[in-house]
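Taking it in order: structure first as structure tokens, then the write-up.
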Number of protein chains: 2
Amino acid sequence: MAAADDMSFDLVFRAARSQNRWLACEVPDDVLRRLYDLMRWGPTSMNCSPARVLFLRTAGAKQRLVPALAPANVDKVVGAPVVAVIAYDTAFYERLPHLFPHRPEAGAMFERDAALREETAFRNGTLQGAYLMVAARMLGLDCGPMSGFDQAAVNREFFDGGTVKVNFLCGLGYGDPAGLFSRHPRLEFGQACTLL
Amino acid sequence: MAAADDMSFDLVFRAARSQNRWLACEVPDDVLRRLYDLMRWGPTSMNCSPARVLFLRTAGAKQRLVPALAPANVDKVVGAPVVAVIAYDTAFYERLPHLFPHRPEAGAMFERDAALREETAFRNGTLQGAYLMVAARMLGLDCGPMSGFDQAAVNREFFDGGTVKVNFLCGLGYGDPAGLFSRHPRLEFGQACTLL
């Protein structure tokens, strides 16, 4: 079987760090399109693909986020070349006839059941948020994910009370190593995993 | 900047497929340990690392899942060399003094606020579920994720009504290409993304 190499393990997992400060290097739109063209192939249940992403590139667009941010995240947003607002559409089921054609009636159960709809959108939209970060790192970008912000304020500002809801934010660009903290420990195998 | 190559893009995203049938090849415990040693470095908010994983390897362990499964998933579970029960611990905050030492009091807000605790555990545990699938593919394994099952029944059987709750299941092994369906379409960039 094929497997990735040590360089890829480092790039995606072992050497990658969440960034707090950013170098003044632009992220071209073409890179954002390549990023989406990778992440979209990651698995979601029934191929439901609920993630919706706003890529904030201009100072004006990033400024719209600022009133909703925890104070510690303001500089991280303003200084990032691009900030991805990673959201999910709770009306994802309307696209299932296209996305999951072999069961065209699959949307009905989500239309009927708001709790199932919300949980499915959140779970699968979050998986896709992880795919976005993995794809970004594979393309040589750094990530700076953030969940310290006022969700309701972001939803009002960007999604106008519709079916799309914010999940988390992620700065994208080239990190300044001077802004890194020392790396935190992770749980050992036996603290997180059980072999049965 | 370093970037991954086409082979890695294919392995993780472009050529990888969710598997329905499995070849009779074992997955050694050592591979599961390497898998965790990659996935654990993926980012979570405040390094909270709420994912907990049961790796079901024996026929007896997999059989314990069967009564909780949607009928379409029974063969996928029984036939998989390993089934990962990907769960999250809502008491993750008890480990924050170790995982996030520069703010030792961070756990208190999760102890106070059950909704924040549940949402944080579910979001970050799901990110880690995606890291598990990405790491598996990087190691040359195939994945078969499933969310069609009775969550309450799995929680009773494996977690005994404690603070750990199941999120989704994922078969791990080497897929039999004869079991694949044709690939479903994905949303185009403009259907899922907006440049601002």
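The values are calculated or read from the model by the stated rules, or taken from the named source; none is laboratory data. Values in this document were obtained by computation on a predicted structure and should not be read as measured data. Don't worry about glycine lacking a Cβ; one is built from the backbone with ideal geometry, like all the others, and counts go over all protein chains shown. Note: areas computed on protein heavy atoms with side chains; ligands, DNA, RNA excluded. Shrake-Rupley method; radii C 1.70, N 1.55, O 1.52, S 1.80 Å.
Across identical copies of the chain, residue A:163 has label-point separations of 3.7 nm, listed in ascending order, with the point defined 7 angstrom from Cα along Cα→Cβ.
Determine the total buried accessible area between chain A and chain B, counting protein heavy atoms only with a 1.4 Å probe; round to the nearest 100 Å².
On the way: alone 11740 and 11720 Å², together 15990 Å².
Its buried surface, counting both partners, is about 7500 Å².
How big is D, in µm² s⁻¹, for the protein assembly as shown by Stokes-Einstein at 10 °C and 1.306 mPa s if Rh is the Kirkwood radius over C-alpha pairs? Translational diffusion coefficient: 75 µm²/s. What chain B shows is 41 Å² of accessible area per residue, with the surface traced by a 1.4 Å probe over protein heavy atoms. Sequence-ordered 3J(HN,Hα) estimates for the range B:58-74 from the Karplus curve with 6.51, -1.76 and 1.60 and θ = phi - 60° stand at 8, 4, x, 5, 5, 4, 5, 7, 3, x, 8, 8, 4, x, 5, 9, 4 Hz, glycine and proline given as x.
Dividing the Cα radius of gyration of the range B:1-91 by its Kirkwood radius returns 1.01 for Rg/Rh.
Sorted from longest to shortest, the spans of the Cα atoms of the range B:18-169 along the three principal axes equal 49, 31, 22 Å. This model, with +1 at the C-beta of Lys and Arg and -1 at the C-beta of Asp and Glu, gives the range A:6-164 a dipole about its Cα centre of some 220 debye. Between residue B:15 and residue A:150, the modelled labels are 5.0 nm apart [label points 7 Å from Cα along Cα→Cβ].
To the nearest 0.05, what FRET efficiency results for residue B:59 and residue B:25 with a Förster distance of 22 Å applied to their C-beta separation? Walk me through the numbers before you get to the answer.
On the way: r = 16 Å, r/R0 = 0.72.
Calculated transfer efficiency: 0.85.
With a 10 Å cut-off around each Cβ of A:45-58, the average count of Cβ atoms from other chains is 4. Amide H contacts under 5 Å for residue B:173: B:142, restricted to partners 5 or more places along the chain or on a different chain, H placed in the peptide plane at 1.01 Å from N.
Between residue B:91 and residue A:74, the simple label model (points 7 Å from Cα in the Cβ direction) yields a spacing of 3.9 nm. Could you tell me what percent of the accessible area of the range B:18-169 is made up of carbon and sulfur, with a 1.4 Å probe and every protein chain present? Whole-percent figure for carbon plus sulfur exposure: 51.
When chain A is treated as a GNM with alpha-carbon contacts under 10 Å, the residue of A:81, A:185, A:71 showing the greatest mean-square fluctuation is A:185.
Computed from the Kirkwood radius of its Cα pairs, the Stokes-Einstein diffusion coefficient for the range A:98-158 at 10 °C and 1.306 mPa s stands at 109 µm²/s. Translational diffusion of the range A:86-196, estimated by Stokes-Einstein from the Kirkwood radius over alpha carbon pairs at 10 °C in a medium of 1.306 mPa s, is 94 µm² per second.
Fully extending the segment from residue B:157 to residue B:176, taken as 0.36 nm per residue of separation minus the present Cα-Cα distance, adds 3.9 nm. Distances from residue B:194 to itself in the other copies, using label points 7 Å out along the Cα-Cβ axis, amount to 4.4 nm in increasing order.
Suppose we look only past 23 Å in the calculated P(r) of the range A:39-122. What percent of the Cα-Cα pairs does that tail hold? Write out the running numbers ahead of the final one.
On the way: 1420 of 3486 pairs.
In whole percent, the long-distance tail amounts to 41.
Loop-only check: which GluC sites (Glu not before Pro) in the range B:77-112 are DSSP coil with at most 14 other Cβ within 10 angstrom?
Numbers: sites: B:94, B:105, B:111; in loops: B:105.
Hits after loop and neighbour filter: B:105.
Rounded to the nearest 0.05, the FRET efficiency derived from the C-beta distance between residue A:2 and residue A:109 at R0 = 45 Å is 0.75. Distant-in-sequence amide contacts of residue B:27, defined by a placed amide H-H separation under 5 Å and a gap of 5 or more residues or a different chain, comprise nothing. Between the alpha-carbon centres of the range B:100-170 and the range A:33-98 there is a gap of 22 Å.
Across all Cα pairs in the range A:152-196, the calculated P(r) in 10 Å bins from zero up to the longest distance comes to 18, 21, 23, 31, 7 percent per bin.
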